[in-house]
1. Between beta-carbons, use under 13 Å as the cut-off and find the net charge around Lys46, counting Lys and Arg +1, Asp and Glu -1.
2. Nearest 0.05, what FRET efficiency do Lys379 and Ser175 give at R0 = 60 Å with Cβ-Cβ as r?
3. Please work out whether the chain counts as rounded, prolate or oblate from its C-alpha gyration tensor, where a ≥ b ≥ c are the square roots of the eigenvalues and a/c under 1.5 means rounded, while otherwise a/b larger than b/c means prolate and anything else oblate?
4. By per-residue mean of other Cβ atoms within 10 Å, what is the highest-first order of 354-362, 426-434, 224-232?
5. For the ranges 330-341, 399-410, 149-160, what's the packing order if you count other beta-carbon atoms within 10 Å of each residue, average per peptide, and put the highest first?
6. Cα-Cα over 21 Å: which of Lys96/Lys209; Lys318/Lys456; Lys96/Lys123; Lys247/Lys457; Lys227/Lys456; Lys313/Lys347?
7. Can you classify segment 6-153 as rounded, prolate or oblate using the Cα gyration tensor, where a ≥ b ≥ c are the square roots of its eigenvalues, rounded means a/c under 1.5, and otherwise it's prolate if a/b beats b/c and oblate if not?
8. Helix 378-387 sits at what angle to the longest principal axis of the chain, using alpha carbons and giving 0 to 90 degrees rounded to 10?
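Laboratory data are not the source of any read-out in this text; all were calculated from the coordinates shown. No experiment lies behind these values; they were computed from the predicted model shown. As a convention, Cβ positions derive from the backbone with ideal geometry for all residues, glycine included, and neighbour counts pool all protein chains shown.
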Amino acid sequence: MLKIVLISFTFILLTPTTCGIFSDEISFLVLSQKNKYHLGVAKQLKHTIIEQSLNLDDGTKPNIYLANEVFKKGNSWAIIPILIDIRNQLITSRTKWFVLCETNSVINFKKLLSSLSAEDETKEVYMGYSLYDREATIIHHFAFFRNPQQFHFPYIRAGVAFSIPLLNRLANHLSLLSQQPKMLTDFTIDAAHELALFIWNVDKNLVLKSVPYFCSRFGLECAIYAKEENIFCGNAISLDKVLFAVKTCGKYHKERLPFIQKTWARFTIHLRFFSDIYDSTIPTVPTGVENTERGHCEKSLKILRLILNEISKNSTLKNIEFIVLADDDTLLSISSLSEYLGCFDKKEYMFLGERYGYNLFSDGYSYITGGAGIVFNTKTIKKIVDSCSCSSISSPDDMIIASCLKQLNIEAIHSSLFHQARFRDYSPEILERSSISFHKFWQIDPFEVYENWFRKKDEEYFKINKHILSDYKYIKQNCMTPSSVKNKQKQKSNQINSNHIEL
Ligand SMILES: *[C@@H]1O[C@H](CO)[C@@H](O)[C@H](O)[C@H]1NC(C)=O
């Protein structure tokens, strides 16, 4: 009798409640980041998966790993460099599926278990939501330019599941390859595309299996769906705290700057155009550094030095907390940016934008790519100006700054809201409504892009912020003495604090 009870008890305990898969037969890797804001979102996601698994009551727990906690090198976002470690460290003898997702993935755990139980885990296979290029794009090195739509790659935020036989094969292949490091690419731009291409190069039969339960947006059928990044955390940063620095040069003053001036520049309070030459019609701030075709390292460092110097002297800049370094063909949403900046912890260093990687298989680093706009806080700029130098005048500025910051242990913060390329260069599914930037004026009408993506929200936002601007005009017109400016500043900052902006 006792035996029967025991047996049935064990039976109940060990039967997956709904489907042929136990919670612990899944390993998750959440591509988290170590800054407080993104880490908080990642921990929340982990928590919701654990809660759901407790409700399932199958007596086991899923393995959930946060990338920034497991992989300290900061290259995990590129995925291929950590494939061997994934196989060696994140897979147990019980794991049937390895699931990759992002902090902005939303997971229905029960549905995930039942969906995956219908798949064959003994095959070499990976499943996800299929993205493809509408036209050949620079972010994928113009891959498959004759027929870009043929190649499919996963939307990681919608979830990707790998069978263990596939992971083993990839890891084994990679161990062979890494003995000839030349075989691996230097630059990482779009990790999902590069991963799919890598897998396809291992075996042309290994193509992404598109499944309906991994979704690019909410749906009842979704086991995982992609959610847009939350950009408003309760307090937007007022625009008098942000200084916008545009890098330009003589030959683009007439060609490009009018687009900037007539679009997002209208909504800034502190704006500087840094150029190789002085031009009173803009006006520009000359950097005293000759223009180089590419690179701009010396110029960018000089700009950061000039900015720090001006902040220390010009009392109207006393509130500045953030510096946005943009190209003369970068389009920005001032409103989305100022909301988003409010999400980050002021005490942390900030080096924010779209992350690319250089040499992530060995000793490389992630960098924030310049065209999409780089946001620093003043603390970070001080650190750069004190510690970094250019190896040559035309070294790539964004990369040198990043490699220097890496030595200072300051990690790039990635946001999918910033874009190094034009909106046309991305699959429409991944473009978020609250995007902050697009780059390049090539074969597009910048006015139209600004109109379609940013104008309306910027205008509305600015109406609410207007008192800040008029306050500055007042200070300027009255040519105040430094001490009265100080008082005025104090009044104003009180006013800003009490004037909580919500959209
Ligand atoms: C100080 O900063 C304000 C606001 O950006 C600007 O309008 C003004 O021209 C600056 N003053 C000087 C002397 O550069």
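1. -1
2. 0.90
3. Because a/c hits 1.5 or more and a/b exceeds b/c, the chain counts as prolate.
4. Going from most to least packed, we get 354-362, 224-232, 426-434.
5. Result, highest mean Cβ count within 10 Å first: 330-341, 149-160, 399-410.
6. Lys318/Lys456; Lys247/Lys457; Lys227/Lys456; Lys313/Lys347
7. The shape class here is prolate.
8. Rounded to the nearest ten degrees, it is 90.
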